[in-house]
Amino acid sequence: MLSYIIRRVILFIPTLIIISFLAFGISVLAPGDPVERLLNASENAGIQNKAHQASLIQKKRHELGLDLPLFYFSISTLAESNKSNLSSYQAWKNYIPVIHYYAGHNQYHHWLYNIIFRGSFGISYQTQLPVVREIKARLPWSLALSFISFLLAFGISIPIGMYAARYKGRFFDKASSLLLFLLYALPNFLVATLLLVFFANPQFLNWFPESGVQDALNFNEDWPFLTKLVHWAPYLVLPIITYTYGAIALLSRQMRAGAVEIFDNEYIKTARAKGLPEGKILWKHVFRNALMPIITLFANIFPTAFVGSIIIETIFALPGMGREIYEAILNYDYPVIVAVFTIFGFLTLVGYLVADILYAVADPRISYSKS
Amino acid sequence: MKTRGHFSLLFFSFICLVIICFSGCKNIPSNDKSSILVTSWKSDAATLHPVCDPPNSARLLIFEYTQKTLTRTDLRTLQQIPLLVKGLAEVSADGKEFSYELRNDIKWDDGSPFTVDDVIFTMKVTKCPMTNDANVRSTYDKVKDIIKDPSNPLKFKMVAKEVYYLNKYIFNELYLVEKKHWDSAGVLDNISIPEMDLPQFDGNKYKGLAEWMKGFNDGANGHDVKKLCGLGAYAVTDWKTGTYITLTRKNNWWGENDTSAYSRAYPSQIVIKVIPDDQARYLAILNHSIDADVWLFTASYLKLKNNKDFTEHYYDGIRDQALFNLVYINTKQDGKERPKLFDDKNVRRAMAYLIPVDELNTTMVKGMGTRQASFIQPMFKKYYNDSLKLIPFDIEKAKELLTKAGWLDTDGDNIRDKMIDGKKVKFSFLFTYNGADPANKEYALVIKDAMYKAGVELIPDPVDLSLLQQKAGKHDFDMLIAGQSGSGSVPDDPEQGFDSKNWSNDGSNITGFGNAESDRIIELSNQAVDENKRADLLKKLQAIVYDEQPIIYLYGIKRKVVISKKYENPGMFTERPGVMLNNLKLKQK
């Protein structure tokens, strides 16, 4: 198993390079220009008010290193290469490819070099702060919400799924199926808005605050963590419900489907015939063998927790990664976009590795050793 | 059964969690710290650097209370008033020199007096090509130099390169920074303002400049609250990214005894909550958890108006603001990629008749928009040409004009066509808009329906905002809808949008409007220091633009302001930020 893990970790490196290359390529080739966006960053600058000359854009582009070639090499035609020499223009030159090599003077190289040797993802165009600092400020909220939500989702959906499978076709199974399908069909922006309207509204139930994560007037940085936790809790209830309900629906259905299949197996019947208690059959034999699809879903926890949710964070005014990513995309903040893509890719790889290990733990028949 | 035991355990855990949350709920205090005022803003500030990019509306709001300018627009009268100077500028006979005298009672937070050197330093650092402030630097292009008065250390004059009507407002938005705080070694002393304007300016020639600039431009200067200092009554004391920013009233502030409304600082703290969502903002007002707001959508505002609790606890009002919607027409389509549909002014006028502006006003902003016939909003009474009649929605009139221009439906497919350069061209075009704003789609669909009735095919073309700007700059569009904003105190310079040279150089004249006469009027109006003369010229220009119809003006968007009735002085204003939070005084119980 250990050698398998080491091999997988080594394989991370080329995969990550490909991920970073793709992320970088997609983000810089997307329509729109970060410099033009930056020079029109004022929310109050209309089209007519953009008194910005080409030279200004050029300077900014140079300052940000966006005037460099994208990659180590580029391919053009001989005609394009000799553009300046118009007298020598000949049609055949359009058919001769020319490769230009830029050594380390390209955007991708600078970006990769800074990550590997300086641990830096660059400076955000918008906030002018290191991207790592930006992510550090936002990440804890997204992680906290996601992990609590996943914990709740797994904690609630697994018993529901198992119970529904155990009593397949009975009232609980039918009722939970109906309810879960309904939940699954509801879009999260609608649920978020409804929760606000019903539970943060003095005209209905004013149980929770309507936005933010803490009270600006009373929150004290010096409080013990538990006090802070109690302070934050009511702010997080509605976002967590919004985060969780969809996952509960999906996981319960997956769990039920997996468990129903196991219940039909001969070895379950044998276990029952042997007189094993129903609880033991359910949790030791059925649950363990029905876990595979759940483990597959579990692999997505890490990347999903990292990126948060744009819609939920916007509606509840949460300072998480979702809003950060949304603003970065809106403003063509390449350093943030590429960093997020790359970390997301890395976490996806980690998730799949963890899932593979868990497969082996859950099912002894799965082995990664060569023998 | 054990299964039930597990299930019960989980259920019990969940209930415990809910109880913890509710126990937390009880800890949520209402906004009972009475001298703390809470407002909301739709976005966080990207940076609070006093000079560097990028500016945004949240930063402007915060700078209202943490920074000061030499002069400003009085929100109540929309006239320019002095703040840190004894009076408005004395202008020289040639209109190029503006003399000021600083007040002698102004001090920085460290106790140092505010001097002319600070003004010069601020202008230098703003104009320096090495400063990361490309967004605002061009505003100060017309400043040639600032010269100290040798006989009076409080006096100086700003010398402009040319006569320009906005020169006298040049210090309205220049937030002063302290030379001693930023440049105690005097690195910028070795460089003059005119040197910074030279095309061959090379910062590396000046000893220590590049290094100093690196430090000045550092993003941390715009985020570390300890580094944020200004002449305003408040200082930023807490900034929770994406959540809220707290401003706290300074002790022993220089303006404590000043009686000006802009020097009052009644709230001990101003908390600016970041609330991007309109529904959450609406609920925050219903919950009384914010005291003042200017970002409500029209529908939410009208809903609140019908709420008894709201009317009991909040003042509210709607105010004009320098923000309106408009539809640009590309009058100079290339004839290749884009057929020349709009080169005839009859066609452009027909398009104006085909946009149901009143219906859009009713549907989109519940009739609260103010229609306008030209590029100057009616709230600028002195400058607005009220002889121009609003163009009504009139399909028959539009059909008549299109027929007159040679556009007929020759093949019976209900889309008009015309032979152009020997080719049959259908009257079908792209209507480009920012797809991120769902309201734009509504505009496109309503206008599409109306146009189809006159045999014109509009194809909605949603694009990203940045792409929209790119397309507009390169004249790569047929028709596009956008918003425009500006100053609420004085109409914007029409040169950017209407001078013909700004079309040929891919500038901001995106429609292709302009001729020798309109260019001359623009030049004269920009040089007209006399407001009446300028108003006459701008009215002439409006008439020409109206006749040519390169742009169809829809309506101005109102600002919806709410202020808690806990406060006195609930001023609501046209100009940004719409309220004077510093002037809201808690009523005596």
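The values are calculated or read from the model by the stated rules, or taken from the named source; none is laboratory data. Note that this is a predicted model, so its numbers are computed, not measured. When we count neighbours, we look across all protein chains shown, and the Cβ atoms used for this are built from the backbone with ideal geometry, even at glycine.
Listed here are the residues, each with its yes/no results for (1) under 28 Å from B:Pro491 (Cα atoms); (2) buried (at least 23 other Cβ atoms within 10 Å of the Cβ).
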| residue | (1), (2) |
| --- | --- |
| B:Ile270 | no, yes |
| B:Asp277 | no, no |
| B:Arg281 | no, yes |
| B:Asp293 | yes, yes |
| B:Phe297 | yes, no |
| B:Ser300 | no, no |
| B:Lys305 | no, no |
| B:Leu323 | yes, no |
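Pick from the range B:197-245 the residues that are within 12 Å of another protein chain (Cβ to nearest Cβ) and in a loop (DSSP other than H, G, I, E, B): which of them is surrounded by the fewest Cβ atoms within 10 Å (Cβ to Cβ)? Per the criteria, the residue is B:Pro199.
Residue-by-condition table, conditions (1) touching a residue at least 40 places away in the same chain (Cβ under 8 Å); (2) within 14 Å of another protein chain (Cβ to nearest Cβ); (3) of a type in the set (Gly, Ala, Ser):
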residue	(1), (2), (3)
B:Leu283	no, yes, no
B:His288	yes, yes, no
B:Thr298	yes, no, no
B:Leu302	yes, no, no
B:Tyr315	yes, no, no
B:Lys340	yes, no, no
B:Val365	yes, no, no
B:Ile376	yes, yes, no
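Residue by residue through the range A:116-127, note down the ones that are buried (at least 17 other Cβ atoms within 10 Å of the Cβ) and of a type in the set (A, V, I, L, M, F, W, C). Across the range A:116-127, the qualifying residues are A:Phe121, A:Ile123.
Can you find even one residue in the range A:260-268 that is more than 30 Å from A:Leu143 (Cβ to Cβ), of a type in the set (Asp, Glu) and in contact (Cβ under 8 Å) with a residue 12 or more places away in the chain?
First, pick out the residues of the range A:260-268 that are more than 30 Å from A:Leu143 (Cβ to Cβ): A:260-268.
Adding the requirement that they be of a type in the set (Asp, Glu) leaves A:261, A:264, A:266.
Remaining after also requiring in contact (Cβ under 8 Å) with a residue 12 or more places away in the chain: A:261.
Within the range A:260-268, one or more residues are more than 30 Å from A:Leu143 (Cβ to Cβ), of a type in the set (Asp, Glu) and in contact (Cβ under 8 Å) with a residue 12 or more places away in the chain.
Listed residues B:Thr311, B:Thr363, B:Thr410; which is loosely packed, with under 15 Cβ neighbours inside 10 Å, among the β-branched types (Val, Ile, Thr) and closer than 30 Å to B:Ser289 by Cβ?
B:Thr311
The single condition among (1) assigned to a helix (DSSP H, G or I); (2) surrounded by fewer than 20 Cβ atoms within 10 Å (Cβ to Cβ) that B:Ile415 does not satisfy is (1). Condition test on A:Tyr89, is it modelled with pLDDT under 70 and either more than 30 Å from B:Ala472 (Cβ to Cβ) or away from every other protein chain (no Cβ under 13 Å) (or both)? Here the answer is yes, as A:Tyr89 does meet what is asked.
Results for (1) surrounded by fewer than 19 Cβ atoms within 10 Å (Cβ to Cβ); (2) more than 30 Å from A:Pro293 (Cα to Cα), shown as yes or no for each residue.
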{"site": "A:Gly212", "(1), (2)": "no, yes"}
{"site": "A:Asp215", "(1), (2)": "no, yes"}
{"site": "A:Thr227", "(1), (2)": "yes, yes"}
{"site": "A:Ala233", "(1), (2)": "no, yes"}
{"site": "A:Arg253", "(1), (2)": "no, no"}
{"site": "A:Ala257", "(1), (2)": "yes, no"}
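To keep it simple, each residue is scored yes or no on (1) surrounded by fewer than 20 Cβ atoms within 10 Å (Cβ to Cβ); (2) among the charged types (D, E, K, R); (3) closer than 30 Å to B:Thr363 by Cα.
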| residue | (1), (2), (3) |
| --- | --- |
| B:Val545 | no, no, yes |
| B:Leu554 | no, no, yes |
| B:Ile557 | no, no, yes |
| B:Ile563 | no, no, yes |
| B:Arg576 | no, yes, yes |
| B:Leu584 | no, no, no |
| B:Gln588 | yes, no, no |
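Across the range B:317-338, which residue is farthest from the other protein chains (Cβ to nearest Cβ) among those that are of a type outside the set (A, V, I, L, M, F, W, C) and farther than 24 Å from B:Asn509 by Cβ? Give the derivation first.
Step one: of the range B:317-338, the residues of a type outside the set (A, V, I, L, M, F, W, C) are B:317, B:319-321, B:325, B:328, B:330-338.
Narrowing further to those that are farther than 24 Å from B:Asn509 by Cβ: B:317, B:319-321.
Values: B:Gly317: 21, B:Arg319: 16, B:Asp320: 15, B:Gln321: 10 Å.
Result: B:Gly317.
Taking the range B:133-145 as the range and being of a type in the set (S, T, N, Q) and closer than 15 Å to A:Gln58 by Cβ as the test, only B:Ser138 passes. Residues considered: B:Asp506, B:Asp493, B:Asp499. Of these, the only one that is within 12 Å of another protein chain (Cβ to nearest Cβ) and under 24 Å from B:Ala89 (Cα atoms) is B:Asp493. For the range B:347-388, residues that are assigned to a loop (DSSP other than H, G, I, E, B), of a type in the set (D, E, K, R) and under 24 Å from the mean Cα position of the chain (by Cα) total 3.
So how many residues does the range A:162-187 have that are part of a helix (DSSP H, G or I), aromatic (Phe, Trp, Tyr) and surrounded by fewer than 21 Cβ atoms within 10 Å (Cβ to Cβ)?
Narrowing the range A:162-187 to residues part of a helix (DSSP H, G or I): A:162-166, A:171-185.
Retained after the next criterion (residues that are aromatic (Phe, Trp, Tyr)): A:163, A:171-172, A:181, A:184.
Imposing the further condition that a residue be surrounded by fewer than 21 Cβ atoms within 10 Å (Cβ to Cβ) reduces the set to A:171-172, A:181, A:184.
Qualifying residue count for the region: 4.
The set of residues in the range A:313-348 being touching a Lys or Arg at 6+ places or on another chain (Cβ under 8 Å) and either without any contact (Cβ under 8 Å) to a residue 40 or more places away in the chain or over 30 Å from A:Asn201 (Cβ atoms) (or both) consists of A:Thr314, A:Asn331, A:Tyr332.
When A:Pro159, A:Pro130 are screened for being within 30 Å of A:Ile262 (Cβ to Cβ), surrounded by 15 or more Cβ atoms within 10 Å (Cβ to Cβ), modelled with pLDDT of 90 or more and of a type outside the set (Phe, Trp, Tyr), only A:Pro159 passes. Looking only at the range B:277-305, how many residues end up being out of contact with any strand residue (DSSP E or B) (no Cβ under 9 Å at 6 or more places or on another chain) and not hydrophobic (A, V, I, L, M, F, W, C)? So the count comes out to 5.
Please go through (1) within 14 Å of another protein chain (Cβ to nearest Cβ); (2) within 24 Å of the chain's Cα centre (by Cα) for A:Gly119 and return the number of the only condition it doesn't satisfy. Failed condition: (1). For A:Lys60, work out the one condition from (1) more than 30 Å from A:Gly351 (Cβ to Cβ); (2) more than 8 Å from chain B (Cβ to nearest Cβ); (3) modelled with pLDDT of 70 or more it doesn't fulfil. So A:Lys60 meets the others, but not (2). Would you call B:Tyr433 touching a residue at least 40 places away in the same chain (Cβ under 8 Å) and out of contact with any Lys or Arg (no Cβ under 9 Å at 6 or more places or on another chain)? In short, no.
In the range A:108-127 there is at least one residue that is hydroxyl-bearing (Ser, Thr, Tyr) and either farther than 24 Å from A:His62 by Cβ or part of a helix (DSSP H, G or I) (or both).
Only one of A:Ile116, A:Ile158, A:Ile96 is among the hydrophobic types (A, V, I, L, M, F, W, C) and in contact (Cβ under 8 Å) with a residue 24 or more places away in the chain. Can you tell me which?
Numbers: A:Ile116 fails: in contact (Cβ under 8 Å) with a residue 24 or more places away in the chain; A:Ile96 fails: in contact (Cβ under 8 Å) with a residue 24 or more places away in the chain.
Exactly one residue qualifies, and that residue is A:Ile158.
Looking at the range A:95-107, which of its residues are out of contact with any strand residue (DSSP E or B) (no Cβ under 9 Å at 6 or more places or on another chain) and either assigned to a helix (DSSP H, G or I) or surrounded by 16 or more Cβ atoms within 10 Å (Cβ to Cβ) (or both)? Of everything in the range A:95-107, just one residue is out of contact with any strand residue (DSSP E or B) (no Cβ under 9 Å at 6 or more places or on another chain) and either assigned to a helix (DSSP H, G or I) or surrounded by 16 or more Cβ atoms within 10 Å (Cβ to Cβ) (or both), namely A:Gln107. Does the range B:250-270 include one or more residues that are part of a strand (DSSP E or B), away from every other protein chain (no Cβ under 14 Å) and modelled with pLDDT of 95 or more? Scanning the range B:250-270, I find no residue that is part of a strand (DSSP E or B), away from every other protein chain (no Cβ under 14 Å) and modelled with pLDDT of 95 or more, so the answer is no. Every condition in (1) surrounded by fewer than 17 Cβ atoms within 10 Å (Cβ to Cβ); (2) more than 10 Å from every other protein chain (Cβ to nearest Cβ); (3) modelled with pLDDT under 80; (4) outside any loop (DSSP other than H, G, I, E, B) holds for A:Ser27 except the one numbered (1). When restricted to residues that are buried (at least 20 other Cβ atoms within 10 Å of the Cβ) and over 21 Å from B:Leu323 (Cα atoms), the range B:476-498 contains 2.
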